[in-house]
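Presented below is the structure to which this report refers.
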Amino acid sequence: MTETDELLCAVDDEGIARITLNRPQARNALTFAMYERLYELSRALDEDRAVKAVILSGAGDKAFAAGTDIAQFRGFGTAEDALGYERFMDRVLGSLERCRKPTIAAVAGACTGGGAAIAAACDLRLATGDARFGFPIARTLGNCLSLGNLRRLSALVGAARVKEMLFTARLVGAEEAQRIGLVSEVVADAAALAERATALARLVAAHAPLTLAATKEGLRRLAGEPEAGGPAGDDLILMCYTSRDFREGMEAFLAKRPPNWSGT
């Protein structure tokens, strides 16, 4: 499977674009190349007048996306590696968030780490009953979320809920996700999810695009988005990504063993 095959995009005759994260054998964990392709697609679809709405989903029935492919972190060795990664992620997720077209995350199965960040950057989220959302990094890698990701999550569920999710490192089930506002609808299964996502995309595609675009941009500004790539929060990123604990978390994750945290 080539890198291009790992992130697919097709636009139908109704102007609905469908982006598919296509690594089902890895629970759709994203490579850096997949993130870069998502950035390119977000910008291209934003400029394409024929596109009226965008649906994002994961291939297979196990996961929307299980975050970033952890093996890629093994090359991290400097402060700039950590800052560069989070700035790269802010650029990718920012391009999705800024896309003027309505974006719908159709979530089935696991939606964790970078996958949950992608879903949070979308405008609307639908889920199957077996969907699970979360950022279990406090018990796995020992890294942290950027201020941009914290802002998006807090805007959806509130700061207190974000703390509870991250501190406990638990995954939120579909019913709870709907109750706290993380998703708007829960459907029975993958077939129902595809059907409902298409129906919702058709609905919003029929509405005034400038109204939708202005609403998106206005809410983004009200949330106080920090400038992408800026220094705010860099100290927090470096504290985590350059620590012994991050290296330990990564190696333990890949070795399928519990991490031995040292706080350094």
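The values are calculated or read from the model by the stated rules, or taken from the named source; none is laboratory data. Keep in mind that what you see is a predicted model, and the values were worked out from it rather than measured. So basically every Cβ, Gly included, is an ideal-geometry build from the backbone, and we count neighbours across all protein chains shown.
Which of (1) surrounded by 14 or more Cβ atoms within 10 Å (Cβ to Cβ); (2) more than 20 Å from the chain's Cα centre (by Cα); (3) more than 22 Å from I104 (Cβ to Cβ) does R74 not meet, given it meets every other one? With (1) surrounded by 14 or more Cβ atoms within 10 Å (Cβ to Cβ); (2) more than 20 Å from the chain's Cα centre (by Cα); (3) more than 22 Å from I104 (Cβ to Cβ) applied to R74, the lone miss is (1). Return the only residue of A155, A174, A127 being of a type outside the set (K, R), buried (at least 18 other Cβ atoms within 10 Å of the Cβ), closer than 24 Å to G94 by Cβ and in contact with a strand residue (DSSP E or B) (Cβ under 7 Å, 6 or more places away or on another chain). Going through A155, A174, A127 in turn, the sole match is A127.
Residue-wise test of (1) basic (K, R); (2) over 14 Å from the mean Cα position of the chain (by Cα).
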residue	(1), (2)
G134	no, no
I137	no, yes
S146	no, no
R151	yes, no
R170	yes, yes
Q178	no, yes
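Tell me the residue from R202, R247 that is surrounded by 11 or more Cβ atoms within 10 Å (Cβ to Cβ), more than 20 Å from the chain's Cα centre (by Cα) and modelled with pLDDT of 95 or more, please. Going through R202, R247 in turn, the sole match is R202.
Just to be sure, is G224 on the phi > 0 side of the Ramachandran plot, exposed (fewer than 12 other Cβ atoms within 10 Å of the Cβ) and either of a type in the set (G, A, S) or assigned to a loop (DSSP other than H, G, I, E, B) (or both)? Taking the combined requirement at face value, the residue satisfies it.
Scanning the stretch 145-175 for residues that are in contact with a Pro (Cβ under 6 Å, 6 or more places away or on another chain) and part of a helix (DSSP H, G or I) yields a single hit, L147. Going by what's in this entry, would N28 be described as of a type in the set (S, T, N, Q), surrounded by fewer than 22 Cβ atoms within 10 Å (Cβ to Cβ), under 22 Å from R125 (Cβ atoms) and out of contact with any His (no Cβ under 6 Å at 6 or more places or on another chain)? Spelling it out, it is not the case that N28 is of a type in the set (S, T, N, Q), surrounded by fewer than 22 Cβ atoms within 10 Å (Cβ to Cβ), under 22 Å from R125 (Cβ atoms) and out of contact with any His (no Cβ under 6 Å at 6 or more places or on another chain). Tell me, which residue of the stretch 39-61 that is closer than 13 Å to D12 by Cα and hydrophobic (A, V, I, L, M, F, W, C) is modelled with the lowest pLDDT? Out of the qualifying residues, it is A50.
Identify, please: which residue in the stretch 36-65 is part of a helix (DSSP H, G or I) and touching a strand residue (DSSP E or B) at 6+ places or on another chain (Cβ under 8 Å) and is, among those, farthest from G134 (Cα to Cα)? This residue is L45.
For the stretch 9-32, residues that are of a type in the set (A, V, I, L, M), without any contact (Cβ under 8 Å) to a residue 40 or more places away in the chain and out of contact with any helix residue (DSSP H, G or I) (no Cβ under 7 Å at 6 or more places or on another chain) total 1.
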